[in-house]
Amino acid sequence: MKTNLKGKTAIITGGAMGIGMATCKRLIKEGCSVTVWDLNEKALQKAEEELAPLNGRLWFKQCDAEAK
């Protein structure tokens, strides 16, 4: 299914690894701007290196998104 996400922005919690990373890649390929949130700083750095070549609008934030 092809969608047009140009002009949309997504916040992906846990986006530096696994399903979150796969989601980021898909959204970028669909034209979406992506903000990647993750608690793991090293994983965020690696995610930035991996996602940057996809030429999307990206932001990275180390944070704990747990609801308390």
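Rule-based calculations on the coordinates, nothing more; no lab input. Please read all numbers here as calculations on a predicted model, not as lab measurements. Here the Cβ positions follow ideal geometry from the backbone for every residue, glycine too, while neighbour counts run over all protein chains shown.
The table for this structure:
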quantity: ALA67 versus LYS8: modelled label distance in nm, points set 7 Å from Cα along the beta carbon direction; calculated: 2.2
quantity: Lysine pair number, Cα distance threshold 30 Å (strictly under), the chain, separation 8 or more or different chains; calculated: 26
quantity: Potential lengthening between LYS29 and ASN55 on full extension [0.36 nm per residue; Cα-Cα distance subtracted]; calculated: 8.5 nm
quantity: Degrees between helix 41-51 axis and first principal axis of the chain (Cα, 0 to 90, nearest 10); calculated: 10
quantity: Relative compactness, region 9-62, computed as alpha-carbon Rg over 2.2 N^0.38 Å; calculated: 0.93
quantity: Environment charge at ALA10 (Cβ cut-off 11 Å; Lys +1, Arg +1, Asp -1, Glu -1); calculated: +2
